[in-house]
Amino acid sequence: MTLQFPRALSRAVIQPFRTPLAPFLAAATRSFTTQFSPQTYAPDAQYSSEHVSKLLKTSILPEFSEQEAKARIELAATYRLFGLKGWNENIYGHLTAKVHEKDGSESFLINPFGLLYSEVTASSLIKVGADGSVKHPGVTDGLFGINDAGFVIHSAIHRARPDLQSVMHCHYPSAAGVSSLKQGFLELAQTSHQVGPIAYHDYQGVVVDRNEQKSLAEDMGDKNIMFLRNHGIITAGSSIGAAWYLMYQVLAATDIQSHASACALGDAGNLNMPSDQTVNKTYEVMHKKGFSGAAYGLKELSAYMRLLDKTDASYRI
């Protein structure tokens, strides 16, 4: 049986849902005695959509060298990709890239501490000196500042490893889980074999103590992956693409380990471990024999930048 409503009642019930919201908001606004506006309200006006969006639509790339502009675009792309993949934790985490100054000194680029990764643009990245001083605030002009833990971790590694252009850090759940295991990372599958040697750094709380920089650098040594125990993971590379793609692979490998460990029902004897010879052979093919036909991470990052360009190319601003 189909229920029939009187036409007038139907209009009365349905019409409000067809009415645009703007007139109601405008009417509500007129009733406030302050400058409060429901359309633009944020807990703090300086962090509102209206204000931040206006800043992020500005490009200042012509102010920088070509080398730095390219690094800014690539690093902004990796922030967007971290956000797309869910590798970030709210506004936390940090990815950096080293750039060279005209006077021969080095600086590194890092995200403003308050932007979502999906908001980061090439021009919003903040340039920081080796001593932690801000050399260029980017288009947000000091509004957010930087994550101090990011400076402590990344500057220590950049300073100790001049061969690295980029360092990336995250708390992705499967990686944080593996970092909390006594046996650490297991080279279970082909994806795991491609990542290479692993370093470990013991947990000392949130990394804001400058005294921890020495042990961070020492534990990292000459390796490009380091698990921060009970915390998360760091990857690094001679290019931004290399650091990003290494993170891509090691996070996939920690997912594999999580699944395999669950399937093994807590019994390590149920895990089939490949030989060291097989593991080393796979690593050699991936990293030292040019398996992709290009430098490690170059084709991979380029492919994902094309994906970003199809959906939202504003990271290039």
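The values are calculated or read from the model by the stated rules, or taken from the named source; none is laboratory data. Computed from a predicted model, the values in this text were never measured in an experiment. For neighbour counting, all protein chains shown are included, and Cβ atoms are generated from backbone atoms with ideal geometry for every residue, glycine included. The accessibility values were calculated without ligands, DNA or RNA, using every heavy atom of the protein model including side chains. Shrake-Rupley method; radii C 1.70, N 1.55, O 1.52, S 1.80 Å.
Step by step: first the residues of segment 152-182, then only those that are assigned to a helix (DSSP H, G or I) and open to solvent by 10 Å² or more (accessible area, probe 1.4 Å), then the one that is farthest from R80 (Cα to Cα). Which residue is that?
Filtering segment 152-182 for residues that are assigned to a helix (DSSP H, G or I) and open to solvent by 10 Å² or more (accessible area, probe 1.4 Å), the one farthest from R80 (Cα to Cα) comes out as A160.
So the check is Cβ under 6 Å with 6+ separation or different chains; which pairs have a first residue in segment 116-135 that's within 16 Å of L55 (Cβ to Cβ) and modelled with pLDDT of 95 or more and a second one that's assigned to a loop (DSSP other than H, G, I, E, B) and open to solvent by 10 Å² or more (accessible area, probe 1.4 Å)?
These pairs meet every condition: T121/I317; S123/S59; S123/I60; S123/V139; S123/I317; S124/V139; I126/P137; I126/I146.
Quick check: is even one residue across segment 114-127 touching a strand residue (DSSP E or B) at 6+ places or on another chain (Cβ under 8 Å) and more than 23 Å from M305 (Cβ to Cβ)?
no
Cβ contacts < 8 Å: first residue touching a residue at least 12 places away in the same chain (Cβ under 8 Å), restricted to segment 300-317; second residue surrounded by 18 or more Cβ atoms within 10 Å (Cβ to Cβ) and among the aromatic types (F, W, Y), any location; separation 6+ or different chain. Result?
Every condition considered, the pairs that remain are E300/W244; E300/Y245; E300/Y248; L301/W244; L301/Y245; L308/Y315; Y315/Y79.
If I filter segment 244-263 for residues that are touching a Cys at 6+ places or on another chain (Cβ under 9 Å) and closer than 30 Å to I60 by Cβ, do I get at least one hit?
Checking segment 244-263: at least one residue is touching a Cys at 6+ places or on another chain (Cβ under 9 Å) and closer than 30 Å to I60 by Cβ.
Let's see how each residue does on (1) assigned to a loop (DSSP other than H, G, I, E, B); (2) within 21 Å of the chain's Cα centre (by Cα); (3) β-branched (V, I, T):
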{"residue": "D219", "(1), (2), (3)": "no, no, no"}
{"residue": "D222", "(1), (2), (3)": "yes, no, no"}
{"residue": "G241", "(1), (2), (3)": "no, yes, no"}
{"residue": "W244", "(1), (2), (3)": "no, yes, no"}
{"residue": "H259", "(1), (2), (3)": "no, no, no"}
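Restricting the search to segment 298-314, which residues are assigned to a helix (DSSP H, G or I) and open to solvent by less than 100 Å² (accessible area, probe 1.4 Å)?
L298, E300, L301, S302, A303, Y304, M305, L307, L308, D309, A313, S314
Is there a residue in segment 89-110 that is among the polar types (S, T, N, Q), under 9 Å from the mean Cα position of the chain (by Cα) and farther than 17 Å from F64 by Cβ?
no
Assess whether K214 counts as being among the basic types (K, R) and part of a loop (DSSP other than H, G, I, E, B).
In short, no.
Among (1) more than 18 Å from W87 (Cβ to Cβ); (2) in contact (Cβ under 8 Å) with a residue 60 or more places away in the chain; (3) open to solvent by less than 40 Å² (accessible area, probe 1.4 Å), where does A199 come up short?
(2)
From the list E66, E106, pick out the single residue that is touching a strand residue (DSSP E or B) at 6+ places or on another chain (Cβ under 8 Å) and open to solvent by 30 Å² or more (accessible area, probe 1.4 Å).
E106
If T78 meets every condition in (1) of a type in the set (S, T, Y); (2) at pLDDT 60 or above; (3) open to solvent by 50 Å² or more (accessible area, probe 1.4 Å) apart from one, which number is that one?
The number of the failed condition is (3).
Take segment 183-196 and flag every residue that is outside any loop (DSSP other than H, G, I, E, B) and open to solvent by 70 Å² or more (accessible area, probe 1.4 Å).
Within segment 183-196, Q190 is the sole residue that qualifies.
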